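Inspection log for the structure reproduced underneath, given as structure tokens.
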Amino acid sequence: MGKNKELKVVFSGGGTGGHYYPALSVLKYLNKYYNKLEVIYFTTKGRIEEKKLPTDFPKAKLIPLNTKGLERPLYNFKNINRAFEVLKDTHKVEKIIKEFKPVFGFLTGGYVTVPVGLALKKQNIPFYLHEQNSTLGISNKVLSRWAKKVFVSYEQTKTNDKFILTGNPVRTPENEIPRSYLLNFGINDLNKRCILVFGGSLGSNEIDELMLKVYEKEKINNYIHITKNPEKFKQFPNVFTFEYLENLYELMAISDGVISRAGATTLAEIQFYDLSAILIPWKGAAENHQLKNALSLQKKGKVAVFDEENVEIDRLINFLNCIQPKNEEYIYTPKINRATESIVNNILWAGCGAEGR
Ligand SMILES: CC(=O)N[C@H]1[C@@H](OP(=O)(O)OP(=O)(O)OC[C@H]2O[C@@H](n3ccc(=O)[nH]c3=O)[C@H](O)[C@@H]2O)O[C@H](CO)[C@@H](O)[C@@H]1O
């Protein structure tokens with residue numbers, strides 16, 4: 001990859017961590033190779049990409065959009081207003097990119113990407129989509145007909161040659177991380193299993209309730225549990241609670257297992273860091289995509305999928321107790337994430353367009 005170059009790009013994607021973190025991984029990768037990477041990131045007002053991006057990526061210019069998701073059922077009166085908002089935002093984005101002149105756009109899903117994709121199309125600027133889930137989300141479905149390429153995380157999502165299987169980009173530590181890093185999070189016996197518990201980027205009350213039952217019975221393993229209700233877990237000395245951990249992926253690199261929902265980005269991280277996992281798919285996900293995500297990972301082993309309405313606590317505990325823990329000497333050594341690399345290579349060098357324009 002060439003260095004000392006300038007590149008102007010438009011990014012968008014978010015609303016939730018599952019859409020936002022893949023965009024961030026690609027952005028960070030690009031940033032390594034360009035001395036002057038100029039980025040406009042179109043954000044969902046008040047959501048994760050707005051709150052986290054400035055610290056993650058200080059050079060990006062954030063522009064919030066008003067577009068909101070459609071109400072269900074679709075014939076809801078509010079949706080007329082929502083459609084107007086998309087038109088207004090499309091116009092706003094068009095004006096901005098006309099002046100900014102980006103080389104390409106990269107969009108990772110979430111309703112905010114719709115006006116951005118429409119504006120890029122109107123200005124004849126190539127754009128690329130990334131889909132994290134096994135089925136296309138609504139925004140990606142709408143935009144895919146105009147996208148230059150659609151990068152996907154699962155083989156079964158490909159429907160024509162425009163679709164390229166890359167996997168889902170995940171955040172990776174730049175440096176080695178020793179197992180002893182866990183001491184910073186309260187863990188004091190590094191030879192015991194360390195299990196990370198969380199309900200995606202938005203949290204999950206159901207997982208909190210389920211884990212209360214697990215912690216009543218299982219006192220040996222250590223747990224780092226992300227929750228909005230830390231007071232519920234105070235009586236368990238082996239449970240260390242946090243409201244949100246921005247760098248959860250660093251803990252994944254040195255932990256032993258995960259108990260979580262089955263959001264696609266979490267699943268990609270579980271695979272990348274080769275963790276054992278108990279997955280409890282969220283039933284409200286569009287087209288039940290979390291269950292589909294989870295089942296395709298289950299085929300690869302080290303993963304058990306539970307139905308949230310029927311979790312057998314003893315089976316769950318038995319699964320945990322079969323995990324071979326890393327020992328206190330363990331050190332994670334940095335490795336490249338092939339999905340991130342593959343997306344960037346496809347955009348810049350594999351004749352997909354941007355650099356050759
Ligand atoms: C309610 C909702 O819309 N869910 C969707 C959303 O989920 P959600 O945003 O929960 O997505 P994922 O579970 O895929 O990803 C969560 C991300 O947040 C990170 N994390 C989480 C907690 C924390 O304290 N710190 C932290 O960094 C995880 O490491 C992971 O990178 O996007 C996913 C990917 O499109 C979809 O599959 C989900 O169905």
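The values are calculated or read from the model by the stated rules, or taken from the named source; none is laboratory data. None of these values were measured; they are calculated from a predicted model. Cβ coordinates were reconstructed from backbone atoms using ideal geometry, including for glycine residues, and neighbour counts include every protein chain displayed.
Filtering Asn31, Asn35 for residues that are in a helix (DSSP H, G or I), of a type outside the set (D, E, K, R) and either modelled with pLDDT under 95 or away from the ligand (no atom under 16 Å from the Cβ) (or both) leaves a single hit, Asn31. When region 251-291 is limited to residues that are surrounded by fewer than 19 Cβ atoms within 10 Å (Cβ to Cβ) and touching a residue at least 60 places away in the same chain (Cβ under 8 Å), the one that is nearest to the ligand (Cβ to nearest atom) turns out to be Ala286.
Inside region 228-270, residues that are assigned to a loop (DSSP other than H, G, I, E, B) and more than 22 Å from Ala304 (Cα to Cα) make up a count of 12. For beta carbons closer than 8 Å, sequence separation of 6+ or different chains, a first residue in region 170-186 that is on the phi > 0 side of the Ramachandran plot and a second that is surrounded by 17 or more Cβ atoms within 10 Å (Cβ to Cβ) and among the β-branched types (Val, Ile, Thr), the qualifying pairs are Gly186/Ile224. Residues in region 197-209 that are surrounded by 19 or more Cβ atoms within 10 Å (Cβ to Cβ) and either more than 9 Å from the ligand (Cβ to nearest atom) or without any contact (Cβ under 8 Å) to a residue 12 or more places away in the chain (or both): Val197, Ile207, Asp208.
Could you check Thr166 against (1) modelled with pLDDT under 95; (2) within 15 Å of the chain's Cα centre (by Cα); (3) hydroxyl-bearing (Ser, Thr, Tyr) and say which number it fails? So the condition that Thr166 fails would be (1). Filter region 103-112 for residues that are of a type in the set (Val, Ile, Thr), away from the ligand (no atom under 12 Å from the Cβ) and within 17 Å of Gln132 (Cα to Cα) and give the result. Matches in region 103-112: Val112 only. Mind checking which residues of region 136-153 are surrounded by fewer than 19 Cβ atoms within 10 Å (Cβ to Cβ) and part of a loop (DSSP other than H, G, I, E, B)? Within region 136-153, Ser144, Arg145, Trp146, Lys148 qualify.
All of Asn293, Asn318 fail the test of being outside any loop (DSSP other than H, G, I, E, B), at pLDDT below 95, of a type outside the set (Lys, Arg) and more than 19 Å from Arg179 (Cβ to Cβ), apart from Asn293. In summary, Thr16 fulfils each of the numbered conditions (1) β-branched (Val, Ile, Thr); (2) away from the ligand (no atom under 11 Å from the Cβ); (3) surrounded by fewer than 21 Cβ atoms within 10 Å (Cβ to Cβ) with the single exception of condition (2).
Residues of region 76-102 that are in contact (Cβ under 8 Å) with a residue 24 or more places away in the chain and aromatic (Phe, Trp, Tyr): Phe100 alone. In region 47-67, the residue that is nearest to Ile138 (Cα to Cα) out of those that are modelled with pLDDT of 90 or more and assigned to a loop (DSSP other than H, G, I, E, B) is Thr67. Being surrounded by fewer than 17 Cβ atoms within 10 Å (Cβ to Cβ) and in contact with a strand residue (DSSP E or B) (Cβ under 8 Å, 6 or more places away or on another chain) holds for only one residue in Leu53, Leu30, Leu62, Leu37, and it is Leu62. For the subset of region 154-168 comprising residues that are surrounded by fewer than 17 Cβ atoms within 10 Å (Cβ to Cβ) and not in a strand (DSSP E or B), which member is nearest to the ligand (Cβ to nearest atom)? The extreme case among them is Gln156. Kindly establish whether Val10 is surrounded by 14 or more Cβ atoms within 10 Å (Cβ to Cβ) and away from the ligand (no atom under 16 Å from the Cβ). In short, yes. The residue list Tyr223, Tyr181 contains one member that is more than 15 Å from the ligand (Cβ to nearest atom), more than 18 Å from Gly18 (Cα to Cα) and of a type in the set (Phe, Trp, Tyr), which is Tyr181.
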